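The values are calculated or read from the model by the stated rules, or taken from the named source; none is laboratory data. Since the structure is predicted, the reported quantities are computational estimates derived from the model, not experimental observations. All Cβ positions, even for glycine, are placed from backbone atoms using ideal geometry, and neighbour counts span all protein chains on display. Note: accessible area is taken over every heavy atom of the protein model, side chains too, but ligands, DNA and RNA are not part of it. Shrake-Rupley method; radii C 1.70, N 1.55, O 1.52, S 1.80 Å.
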Amino acid sequence: MPSSRDLLDDARRVIPEVTPQQVARERGSRTVIDVRERDEFEAGFIPGAQHLSKGFIEVQIEDRVPARDTPITLYCAGGVRSLLAAKALHELGYSDVRSMSGGFNGWKQAGFDFEIPHVLSADQKRRYSRHLLIPEIGEEGQAKLLDAKVLLIGAGGLGSPVALYLAAAGVGTIGLVDFDVVDDSNLQRQIIHTRDRVGMRKTESARIAINALNSDVRVVDHNEMLSGDNARALFDQYDIIVNGCDNFPTRYLANDVALFARKPLVDGGIFRFEGQVTTILPFASPCYRCRYPSPPPPEEAPSCAEAGVLGVLPGIVGTLQATEVVKLIVGIGDPLAGRLLHIDALDMRFREFRIPRDPDCPVCGENPTITEPIDYEGFCMVPAGVATEAVAAGV
């Protein structure tokens with residue numbers, strides 16, 4: 001019968017061992033996996049490392065790292081378990097697997113930095129258990145959600161489903177920008193508000209609904225209109241911006257300031273039976289002005305108050321926006337960057353349009369001409385005497 005030393009010697013014949021110094025130099029070019037147990041990982045880990053304990057690595061590695069030619073470095077506490085785990089991956093067909101000698105203890109002794117993860121409470125593990133079962137999210141992804149800060153522009157039709165689903169997902173901080181109050185006409189589609197909160201500020205009404213759903217969430221009320229004077233200061237406080245205001249002044253302002261602040265922007269729009277969603281990654285994907293460099297003249301802008309919208313449509317578009325936000329936070333999937341998803345609710349058709357970056361774009365092009373926020377006025381034409389809810393919340 002082979003001894004444990006025989007097993008290690010056999011593993012060393014096929015698995016290269018690298019020092020902590022080599023791993024530090026190669027960070028970013030290789031996938032680093034921590035094969036220790038969960039309680040060890042929670043005491044500290046190498047920044048950027050994924051956790052996949054040795055006992056589950058053979059059955060879960062294909063979900064985490066599908067491509068068998070991916071460069072992988074494994075580590076444990078001292079270098080033994082990672083060596084054996086690396087041999088198991090080699091036998092599964094992974095062609096470039098290494099083990100870090102000395103393990104995490106050697107990493108710390110060498111003076112390299114490490115992180116301590118956000119440890120979920122027992123209540124949080126129960127609440128988010130369905131996320132924890134998904135390898136692409138797991139506890140690390142859920143911790144990212146709990147630490148994330150997302151700003152919603154508008155607490156209306158689109159902001160309602162976005163806020164509720166992000167709160168349910170456990171996004172730690174949700175900011176709400178809206179200066180309007182709840183009206184009877186909102187309740188046809190703005191599902192975050194209720195009949196007994198008519199007349200209340202929308203931000204306050206939304207906060208009540210969010211915290212009733214999930215007390216983990218910190219809700220920040222910004223009872224003001226988004227403008228060139230306050231947009232940058234607001235955006236700088238958050239990781240991701242979600243535009244739920246479907247009017248030209250706000251859409252252009254949100255696009256420009258998100259680029260200036262280098263914040264991802266998830267943009268949604270609705271009109272009668274149609275909706276659209278796209279994600280803008282600053283200077284890495286086309287922005288709104290790449291498609292439409294400047295707003296149309298006021299006489300060509302539709303009346304937001306008179307156009308109308310199918311009540312369930314914001315739920316479809318807002319849910320898609322929330323999905324994009326979760327993907328961005330966790331770092332999974334393919335965002336709608338460079339793509340515009342169009343929804344026709346009447347025919348129930350989803351169509352995707354590719355959008356190229358415009359090198360002459362006035363904001364993100366090679367020679368930008370717009371370098372500070374612009375407050376456009378008069379592009380959402382509302383007849384005198386008509387309630388301004390459509391202008392305030394866009395939907």
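Descriptive notes on the structure:
Quick grid of which residues meet (1) at pLDDT 95 or above; (2) assigned by the TED database to the domain that holds A24; (3) polar (S, T, N, Q); (4) surrounded by fewer than 22 Cβ atoms within 10 Å (Cβ to Cβ):
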position	(1), (2), (3), (4)
I116	no, no, no, yes
R130	yes, no, no, yes
E136	no, no, no, yes
A143	no, no, no, yes
A167	yes, no, no, no
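- Condition met for E352 (more than 19 Å from L158 (Cβ to Cβ), in the same structural domain as A167 (by the TED database), open to solvent by 30 Å² or more (accessible area, probe 1.4 Å) and modelled with pLDDT of 95 or more): yes
- Here S227 clears all of (1) part of a loop (DSSP other than H, G, I, E, B); (2) open to solvent by 10 Å² or more (accessible area, probe 1.4 Å); (3) closer than 22 Å to V171 by Cβ except the condition numbered (3).
- Those residues of region 258-271 which are open to solvent by less than 30 Å² (accessible area, probe 1.4 Å) and more than 18 Å from the chain's Cα centre (by Cα), in sequence order: G269, I270
- Those residues of region 15-42 which are open to solvent by 60 Å² or more (accessible area, probe 1.4 Å), at pLDDT 90 or above and in a strand (DSSP E or B), in sequence order: E17
- Taken as a whole, the structure places F179 among residues that are open to solvent by 30 Å² or more (accessible area, probe 1.4 Å) and aromatic (F, W, Y).
- Cross-chain or 6+ apart pairs with Cβ under 7 Å, region 9-34 first and assigned by the TED database to the domain that holds G106 and hydroxyl-bearing (S, T, Y), then modelled with pLDDT under 95 and in a loop (DSSP other than H, G, I, E, B): T31/V65
- Options I153, I72; residue that is surrounded by 17 or more Cβ atoms within 10 Å (Cβ to Cβ), among the hydrophobic types (A, V, I, L, M, F, W, C) and not assigned by the TED database to the domain that holds N230: I72
- First in region 79-102 and in the same structural domain as I61 (by the TED database), second anywhere and at pLDDT 95 or above and acidic (D, E), Cβ under 6 Å, 6 or more apart: S95/D69; S99/E17; S101/E17
- Test: Q237 is surrounded by fewer than 17 Cβ atoms within 10 Å (Cβ to Cβ) and in contact (Cβ under 8 Å) with a residue 60 or more places away in the chain: yes
- Residues in region 319-356 that are acidic (D, E) and in a helix (DSSP H, G or I): E324 alone.
- Residue in region 1-14 that is modelled with pLDDT of 95 or more and surrounded by 14 or more Cβ atoms within 10 Å (Cβ to Cβ) present: no
- Test: residue in region 110-127 that is closer than 25 Å to R12 by Cβ and either out of contact with any helix residue (DSSP H, G or I) (no Cβ under 9 Å at 6 or more places or on another chain) or not aromatic (F, W, Y) (or both): yes
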